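The values are calculated or read from the model by the stated rules, or taken from the named source; none is laboratory data. The model shown is predicted, which means the values in this text are computed figures rather than measured ones. Every residue, glycine among them, receives a Cβ derived from its backbone with ideal geometry; neighbour counts consider all protein chains shown. These accessible areas exclude ligands, DNA and RNA; they are computed on the full protein's heavy atoms, side chains included. Shrake-Rupley method; radii C 1.70, N 1.55, O 1.52, S 1.80 Å.
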Amino acid sequence: MEYTILQRANPLNRTAAKRRFASLMWSIIITIRAFADEISKSCTLTATKSFFAAPIWSIVITIRALVQGISKLCTLTATAVGAVLESFLQLFPLFLKNRHSIKLGDFGIFKRSFSAMGQEFKDDVSAKDISNVRVLFRPSVQLKKEPKDNLTFIKRRLL
């Protein structure tokens, strides 16, 4: 797998900005205006930037390329494979909509989920509290393990 190097602030390291704000709170000599100016400066991301490895994605495989590849690996024609995949793509959202989880053998499980706001009382919970409806994918143990076993990392420069 190819990767490149990106420089960005670490979103998990918020301690630098917190320390600066705490020292400002304890400073009694600062006037209100100077305090406001310092707060506006500290509200911007003041954390030091670090370098991170970031994956370089290559070509997206289309349904057509997938159909061609599958038909070369088995006795089915590309037309037959295409028909099966198109049927699968039509049924997939219907199964999820009807609260089914979809297990694809040793590949993994797809299921629908959502986030919800909490309420103080049971009777206050309603459908309006539900947000961020999404499809989750949980890869199988075999799929999780396989890429780690046969993966080498190659550093590339982006142009």
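For region 104-112, indicate whether the set of residues that are open to solvent by 80 Å² or more (accessible area, probe 1.4 Å), over 28 Å from R64 (Cα atoms) and of a type in the set (F, W, Y) is non-empty. Looking through region 104-112, none of the residues is open to solvent by 80 Å² or more (accessible area, probe 1.4 Å), over 28 Å from R64 (Cα atoms) and of a type in the set (F, W, Y). Checking each residue of region 123-144 against the condition of being touching a helix residue (DSSP H, G or I) at 6+ places or on another chain (Cβ under 9 Å), assigned to a loop (DSSP other than H, G, I, E, B) and more than 28 Å from I63 (Cα to Cα) gives no match.
Any chance region 144-157 includes a residue that's more than 25 Å from A53 (Cβ to Cβ) and either free of Cβ contacts under 8 Å to residues at least 60 places away in the same chain or charged (D, E, K, R) (or both)? Within region 144-157, none of the residues are more than 25 Å from A53 (Cβ to Cβ) and either free of Cβ contacts under 8 Å to residues at least 60 places away in the same chain or charged (D, E, K, R) (or both).
The helices (runs of 4 or more DSSP H) falling completely within region 21-116 that include 1 or more residues that are at pLDDT 90 or above map to 63-73, 78-97. Once region 117-159 is narrowed to residues that are at pLDDT 90 or above and of a type in the set (F, W, Y), the residue that is nearest to I5 (Cα to Cα) is F137.
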